[in-house]
Every structure is written in structure tokens, then in C-alpha cells.
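Here the structure is laid out as C-alpha cells; the discussion comes afterwards.
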Amino acid sequence: MTNHHDGSFPDGPSFPDALTAHDRARREQLHANLAEVEQRIAAACAAAKRPRDEVALVVVTKTYPAGDTRLLASLGVREVAENRDQDAAPKAADCADLSLTWHFVGQLQTNKVRSVVGYADYVHSVDRLKLVNALSSEVVRAGRPELGCLVQVALDRESAGGAGRAGASPGEVEALAEAVAAAPGLRLAGVMTVAPLAGPYAGDPAAAFGRLAEIASAVRAAHPAATMVSAGMSGDLEQAVAAGATHVRVGTAVLGARPPLR
């Protein structure tokens, strides 16, 4: 099971000569950003009357180099996320010596499944039966430990005709969760969403995450071990924590404004 963060970010191992001046400055910046995000999560937990250790910070390192992931690990970060396999696979290989939990959070095509199964501990973006079957087959073939899977919920598809974010419509979640739970090599870990840009919850993350909480509760009723609720990013983590998120996926607030995708 994922280790939840205890809310502190230690200075971590020292690098007496290994860090350049640029790396030291970057590490100080990341340390300050992590402290600020930690204060936000702690305040949100306090406001929701939730223990701080119920919420894990997953740092989304997409578009940033492996060097930043190493600096984050030296600062106590243990959970990192990527959304593109072509970036994630080499980064995970570069950081294989670190004690990190890797979350894959982007849309996943079946032709990338073999690669992702090679490094991911969790896939948050399970949204169709074909992907469930591909992940299951590859985990079994690879002989690796069970892969934690979250059903991605597309809340913009709550009403007929909605199609924006990736994910399963709320009405499809129950069947997809059953398929994951029954698939060899997979473990149903919970549900995930991204605040929708369209549909009835557009512009209202509090309502969106409240709806996800209802869906998560229904999934847990049938699958008590599926306790993960992955919701909330840099701009809306407070609303996600208030609605019961167990994992918040924060990138920009920790790493800074993203460089453009290549």
C-alpha cells in the first residue's frame, strides 16, 4: 500500500560536492514550494476535520527532467506521477535506484501498456475494458506484483452527449470496477477524476469532487479495499480534500510553470 506522507519534508541526504550551484538553487526552490503545498494540504485537512495522514501528495513531474525527480526524492517526496510514457519510461529507469512509487495518470493507449507495466505502481486512468484486459495480460506475462488500478471517471459525461475529458461515464464505473477486480494481476485501488471543463460540473470543482465521492462510496461498498480517491491538482486541491480525496496530484505548485511540451 502507498505510504502516506507524514507532512514533513526533511532536508534529505546531503550532497557535499555532487550538486552544482544551479541544482542547489533548484533544490531550495522545490523545498520552499513543497512547504507551501504542505501548508495548503494541512490547512485543508484541518478545515475538513480530517487527519493529515489521510491525504497523500503525489507530485506530477511531467515535462521536468529526472534531475528534478532526484531532488524531490532528496526532499522526502516518495510518490511521483507522469502522464506520457515516452517521458515516464526513461525517467523511471534513470531513477530506478530511488525508493519511489510511480503513478501513471495520463491517457493510456494499449500499445504503451507493456512499457507502463514495467515501471508503474498505479495506473489512475483505467477507462475502458480493452485497457483492463491489456494491463491484466501484460502484468501476468511480466510476472510482476499486482498493479494498482483506478477507474477514471469522466464527470463531463454525466449527461448524455458529454465528451471532453478521458474516462468512463459515471454509469460505466460499476461494471469497469468489477472487471478490474476480476482481472488477474490487477488490484482495484479506487477512482480518479479531473475537474471537468464541460457538463454540469464545469467550473465547480467542489461539486465535481462531491460527485466523485458518491461514486467512490458506491465502489467501496462493493469493493471495500478500493479506498483511493485521486482528485485535485494545484488549483483545486482544497476542494478535493474537503470532498474526501486520499491522493492529490500536484505539479505546477511544486515544480513551477511547465515548459511547453515538445
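Around the amide H of Met192, modelled in the peptide plane, lie the amide H atoms of Val151, Gln152, Val153, Ser230, all under 5 Å away and 5 or more residues distant in sequence or on another chain.
Counted by neighbouring Cβ atoms within 10 Å, the residues Arg114, Arg249 run from fewest to most as Arg114, Arg249.
Using a/c under 1.5 as the rounded threshold, could you call region 21-255 rounded, prolate or oblate? The axes a ≥ b ≥ c are square roots of the C-alpha gyration tensor eigenvalues, and prolate needs a/b larger than b/c, oblate otherwise. Oblate shape, in that a/c is at least 1.5 and b/c is the bigger or equal ratio. Residue exposure proxy: His22, His223, ordered by other Cβ atoms within 10 angstrom of their Cβ from fewest to most, comes out as His22, His223. The phi torsions of region 217-224, fed into the Karplus equation with coefficients 6.51, -1.76 and 1.60 and a -60° offset, translate into couplings of 5, 5, 5, 5, 4, 8, 9, x Hz, rounded to whole numbers, with Gly and Pro shown as x.
Each peptide in 92-99, 183-190 receives the mean, over its residues, of other Cβ atoms within 10 Å, and ordering these scores from highest gives 183-190, 92-99. For region 154-242, the relative contact order works out to 28 percent when only alpha carbon pairs closer than 8 Å and six or more residues apart are counted.
Using C-alpha pairs under 8 Å with a sequence gap of at least 6, the mean separation divided by the residue count of the chain gives a relative contact order of 18 percent. A simple spin-label model places pseudo-atoms 7 Å from Cα toward Cβ; at Asp94 and Ala218 they are separated by 4.2 nm. Each other residue within a Cβ distance under 10 Å of Gly148 adds +1 if Lys or Arg and -1 if Asp or Glu, for a net charge of -1. Taking the chain as a Gaussian network of alpha-carbon nodes connected by springs under 10 Å, the highest mean-square fluctuation of the residues Gly143, Gly76, Gly67 belongs to Gly143.
Just so you know, all these numbers are worked out from the coordinates, no wet-lab data involved. The structure presented is a predicted model; accordingly, all values stated were derived computationally and were not measured. Heads up, the Cβs are rebuilt from the backbone with ideal geometry, glycines too, and the neighbour counts pull from every protein chain shown.
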